[in-house]
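FYI, it's all coordinate maths here, none of it is from the lab. None of the values given here were measured: they were computed from a predicted structure. Cβ placement follows ideal geometry from the backbone for every residue including glycine, while neighbour counts extend to all protein chains displayed.
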Ligand SMILES: [Zn+2]
């Protein structure tokens, strides 16, 4: 399946851009820029890691559209805690996902 190019979050369309990320922290696999509504994903990682990063950065985008009730470090911890479990639940429970997406 093709990688997503865009996601609608609240009133904003975020573009997913795939490329190499230069960072001092080797665990930086993506970046979300709310000002430019862009999500940069490091595409030098394995595809399974890229999927995880797409969800991770999308959760940050959702967070950016909500009142900031947590500091950025706590937000990072929450996003890191939720991403693998959320992705796993969606992957292992397609009927649940279909039910949730029904209008
Ligand atoms: Zn993060």
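Once every DSSP H run of n ≥ 4 in the chain is given -39500 (n - 2.57) and the sum is divided by its residues, what mean residue ellipticity at 222 nm do you get, rounded to the nearest 500 deg cm²/dmol? If you can, show how the numbers build up before the last one.
Details: 3 runs with 47 residues, N = 103.
Using -39500 (n - 2.57) per qualifying helix, the result is -15000 deg cm²/dmol.
Expressed in nm to one decimal, what extension gain is obtained for the pair residue 8 and residue 73 from 0.36 nm per residue of sequence separation less their Cα-Cα distance?
Details: separation 65, 0.36 × 65 = 23.40 nm, distance 2.46 nm.
That works out to 20.9 nm of additional length.
So for each of 94-101, 24-31, 50-57 I average, over its residues, the number of other beta carbons within 10 Å; can you give me the resulting order with the highest mean first?
Working: 94-101: 9.2, 24-31: 12.2, 50-57: 20.6.
The peptides rank, most packed first, as 50-57, 24-31, 94-101.
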re the chain: pairs of Cα atoms spaced beyond 22 Å account for a percent value of 32
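By how many nm would the segment from residue 23 to residue 48 grow when fully extended, if each residue of separation counts as 0.36 nm and the alpha-carbon distance is taken off?
Working: separation 25, 0.36 × 25 = 9.00 nm, distance 2.06 nm.
Computed gain between residue 23 and residue 48 is 6.9 nm.
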